[in-house]
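To keep things clear, I will list the structure first and then write my remarks on it.
The values are calculated or read from the model by the stated rules, or taken from the named source; none is laboratory data. Quick caveat, the model's predicted, so the values are computed rather than measured. Glycine gets a Cβ as well: all are built from the backbone with ideal geometry, and neighbour counts include every protein chain shown. Please note that ligands, DNA and RNA were not included when accessible areas were found on the heavy atoms of the full protein model with its side chains. Shrake-Rupley method; radii C 1.70, N 1.55, O 1.52, S 1.80 Å.
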Amino acid sequence: MIGDRERMVQFVSDHAVTSETSHGPGSAPRRDPFVLDVRSLGRRPGTMSEVHKTVATPDKLGVEMIGIPAGSDVDLDLRLESVSEGILVTGTACGETEGQCSRCLEPIDGTVTVFLTELFAYPDSVTEQTTEEDDVHRIVDDRIDLEQSIIDAVALELPMSPLCSEDCPGLCQVCGIRLAVAEPGHAHELIDPRWAGLANKFSELSDGEASETDAKPDTQERRD
């Protein structure tokens, strides 16, 4: 079960819309609204503080077809607690989403709320020293960067193929009209490509016969 969840998280992370901000190795981006200063907590286990604020995300958060747009507000409601190995962050991040229905491509919107539980390891802690770099978050210059945690959580929460409604019929494969607004029984007469040449031939013969009939003089009129 754990292995399946890890594979799912990795799949979503690969398809998530990630920030375009360049993060230098070993340093947290100071301009990022998801970076929090934790100096006030010190390294005293049990020390706690709460963060309640609204920030504007510099980049889209989500997956390809739906997400929190760049420049949109994200509400953070967090608790930061000092533990023996680092800072434990718990709480929620919430934002308004925009996207497209994966069947009919109509605009859709909504709200996404994700729950965070992340440990940020102290420099030189046992966790920091014994865990692979990509497997644990770290405190850098007395700051923690929640951006990647929020990116992953939002991407995992949102559907990869969002729908405007569960029964959305999608688009007509021939003309592209939305089937939800098309006339009842909307359909197209399709000819098997293998018979298309023969159908064209019959059409040409029919047109030729019609032309001959129109050109033939009326013998009865000539007798009169």
Item to check | Scope the stretch 161-178; condition among the small types (Gly, Ala, Ser) and under 21 Å from residue 189 (Cβ atoms); matching residues | outcome: 170, 176
Item to check | Output for the stretch 89-103, where each listed residue is part of a strand (DSSP E or B) and either under 16 Å from the mean Cα position of the chain (by Cα) or at pLDDT below 95 (or both) | outcome: 94, 95, 96, 97, 98, 99, 100
Checklist entry - residue 149: part of a loop (DSSP other than H, G, I, E, B) and polar (S, T, N, Q), yes or no? => result no
Next on the checklist: I'd like to check something: does the stretch 89-107 contain any residue that is open to solvent by less than 50 Å² (accessible area, probe 1.4 Å), touching a helix residue (DSSP H, G or I) at 6+ places or on another chain (Cβ under 7 Å) and under 30 Å from residue 173 (Cβ atoms)?
Outcome noted: no
Checklist entry - For residue 196, are the conditions met, namely being at pLDDT below 80 and over 30 Å from residue 107 (Cβ atoms)? => result yes
Next on the checklist: Condition check: open to solvent by 60 Å² or more (accessible area, probe 1.4 Å) and not in a helix (DSSP H, G or I). Does residue 123 satisfy that?
Outcome noted: yes
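For every residue, the table says whether it meets (1) in contact with a Ser or Thr (Cβ under 8 Å, 6 or more places away or on another chain); (2) farther than 26 Å from residue 60 by Cβ.
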{"site": "105", "(1), (2)": "no, no"}
{"site": "118", "(1), (2)": "yes, no"}
{"site": "140", "(1), (2)": "yes, no"}
{"site": "149", "(1), (2)": "no, no"}
{"site": "158", "(1), (2)": "yes, no"}
{"site": "175", "(1), (2)": "no, yes"}
Checklist outcome for this item: Residue count, the stretch 155-172, condition assigned to a loop (DSSP other than H, G, I, E, B), over 12 Å from the mean Cα position of the chain (by Cα) and surrounded by 13 or more Cβ atoms within 10 Å (Cβ to Cβ), comes to 5
Checklist outcome for this item: Scanning the stretch 126-137 for residues that are among the polar types (S, T, N, Q) and either farther than 26 Å from residue 92 by Cβ or assigned to a strand (DSSP E or B) (or both) gives 129, 130
Checklist entry - Taking residue 118, is it modelled with pLDDT of 85 or more and either in a strand (DSSP E or B) or surrounded by fewer than 18 Cβ atoms within 10 Å (Cβ to Cβ) (or both)? => result yes
Checklist entry - Say we look at the stretch 37-76 and pick out the residues that are among the hydroxyl-bearing types (Ser, Thr, Tyr) and assigned to a loop (DSSP other than H, G, I, E, B); which of these is least open to solvent (accessible area, probe 1.4 Å)? => result 57
